[in-house]
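S.K.: Here you go, one structure.
The values are calculated or read from the model by the stated rules, or taken from the named source; none is laboratory data. Since the structure is predicted, the reported quantities are computational estimates derived from the model, not experimental observations. Backbone-built Cβ (ideal geometry, glycine too); neighbour counts: all protein chains shown. The accessibility values were calculated without ligands, DNA or RNA, using every heavy atom of the protein model including side chains. Shrake-Rupley method; radii C 1.70, N 1.55, O 1.52, S 1.80 Å.
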Amino acid sequence: MGRWGITLPLVGVPVLDHRELVSELGDLGYTDIWSAETAGTDAFTPLALAAQWSDLRLGTAIAPVYTRGPATLAMTAATLAEVSGHRFVLGIGSSSPAIVQRWNAVDFAEPFKRTRDTLRFLKAALAGEKVTEQYDTFAVRGFRLERVPERPVPIMLAALRPNMLRLAGREADGAITNWLGADDVPKVRAELGDQELAARIFVCPTENAEAARGLGRMLISTYLTVPAYAAFHDWLGRGELLRPMHEAWQAGDRRKAAEVIPDEVVDDLVVHGSVEHCRAQVAKYAANGVDTPIIAVLPTGADQLELVRALAPGA
């Protein structure tokens, strides 16, 4: 079996209440724990705790390149590498205008260049080099890490479209993507090349298709109206299917924007059904070229800790 990841912490579950589950994950067949960072927990603290509770690989998916200074990001990555016994993967990306600009008061300018420049800085800094460099989007003068990781820290990029995927293939250790269907994977893989491809897969383990699609529509209308995701799905070929959603959203009718998303789009982008069906669909992503599927469990009203156990590859 290949890699099989889970997104933690779970929605609505206190961070410290994950300890027992995290300690079981390896025996259940999970290989990875990946965090997220929007408006809940930060990307790093839950992983620092998980590093003490398990021996799985740990990764951020993702830490925004704007919301921490370059040196702070390097120090945080080096610390996670140290406390995890060098099982840490740093996933970085541009994030979104809402998170960066509206919530963190940072100008969301030139996201491709900012991500590229941060990647290049981090590779040098985490290797122990003294960095004095004028990048296109920022400058660093005389920074050197005091606690250099004993082994290289893999860096993966959040990537949706060809330019970022190609950058990840050339200069990073892989790419992290999300909000794609299993049948979209070959197109993404073709741009990335042979580097590791991780994908966050939204999984709603319920046989109540109406409820799953309702939740899926709400999430899709929130995420896929962000310009980067809209462009991603134009590239993937869903532009016309999603046009009514975009028109309603731009008109300020959020409810209609969700309602007009076709079932086929929801079913492509949100895995739902029995836990057995969900496991099989996640495995399809892997069969189509995802090296590291990362399950993100959507709340169904059932015990989320038990759903993680049920979704394990060996369940």
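S.K.: Which of the residues belonging to the range 235-256 are in contact with a Lys or Arg (Cβ under 9 Å, 6 or more places away or on another chain) and either aromatic (Phe, Trp, Tyr) or surrounded by 15 or more Cβ atoms within 10 Å (Cβ to Cβ) (or both)?
M.R.: Of everything in the range 235-256, those that are in contact with a Lys or Arg (Cβ under 9 Å, 6 or more places away or on another chain) and either aromatic (Phe, Trp, Tyr) or surrounded by 15 or more Cβ atoms within 10 Å (Cβ to Cβ) (or both) turn out to be TRP235, LEU236, PRO244, MET245, ALA248, TRP249.
S.K.: Looking at the range 226-315, what helices (runs of 4 or more DSSP H) fall wholly within it and have at least 3 residues that are closer than 15 Å to TRP4 by Cβ and in contact (Cβ under 8 Å) with a residue 12 or more places away in the chain?
M.R.: Ranges flagged: 275-287, 304-310.
S.K.: Something else now. Which of the residues belonging to the range 6-17 are closer than 20 Å to CYS204 by Cβ and not in a loop (DSSP other than H, G, I, E, B)? Give the steps one after another, and end with the answer.
M.R.: To start, the set of residues in the range 6-17 that are closer than 20 Å to CYS204 by Cβ comprises 6-13.
Passing the criteria: ILE6, THR7.
S.K.: Find the residue count for the range 212-225, including only residues that are assigned to a helix (DSSP H, G or I), open to solvent by less than 60 Å² (accessible area, probe 1.4 Å) and out of contact with any strand residue (DSSP E or B) (no Cβ under 8 Å at 6 or more places or on another chain).
M.R.: Count: 3.
S.K.: Between VAL148, VAL188, which is open to solvent by 10 Å² or more (accessible area, probe 1.4 Å), in contact (Cβ under 8 Å) with a residue 40 or more places away in the chain and over 20 Å from ARG279 (Cβ atoms)?
M.R.: Every option except VAL148 fails the conditions.
Conditions (1) among the β-branched types (Val, Ile, Thr); (2) more than 23 Å from SER96 (Cα to Cα); (3) touching a Phe, Trp or Tyr at 6+ places or on another chain (Cβ under 9 Å), marked per residue:
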| residue | (1), (2), (3) |
| --- | --- |
| ARG161 | no, no, yes |
| ALA168 | no, no, no |
| PHE202 | no, no, yes |
| GLU210 | no, yes, no |
| LEU219 | no, no, yes |
| THR225 | yes, no, yes |
| LEU236 | no, no, no |
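S.K.: Condition (residue is open to solvent by 30 Å² or more (accessible area, probe 1.4 Å) and more than 19 Å from SER95 (Cβ to Cβ)) applied to the range 35-47: is it met by at least one residue?
M.R.: No, the range 35-47 has no match at all.
S.K.: Also, quick follow-up: Can you pull out every residue in the range 1-34 that is over 21 Å from ARG279 (Cβ atoms) and open to solvent by 60 Å² or more (accessible area, probe 1.4 Å)?
M.R.: Listed by number, the residues that qualify are GLY12, PRO14, LEU16, ASP17, ARG19, GLU20, SER23.
S.K.: Let me ask something else. Is it the case, given these coordinates, that ARG141 is among the basic types (Lys, Arg), surrounded by fewer than 18 Cβ atoms within 10 Å (Cβ to Cβ) and assigned to a loop (DSSP other than H, G, I, E, B)?
M.R.: It is false that ARG141 is among the basic types (Lys, Arg), surrounded by fewer than 18 Cβ atoms within 10 Å (Cβ to Cβ) and assigned to a loop (DSSP other than H, G, I, E, B).
S.K.: Which of (1) at pLDDT below 95; (2) out of contact with any Ser or Thr (no Cβ under 9 Å at 6 or more places or on another chain) does GLY2 not meet, given it meets every other one?
M.R.: Every listed condition holds for GLY2 apart from (2).
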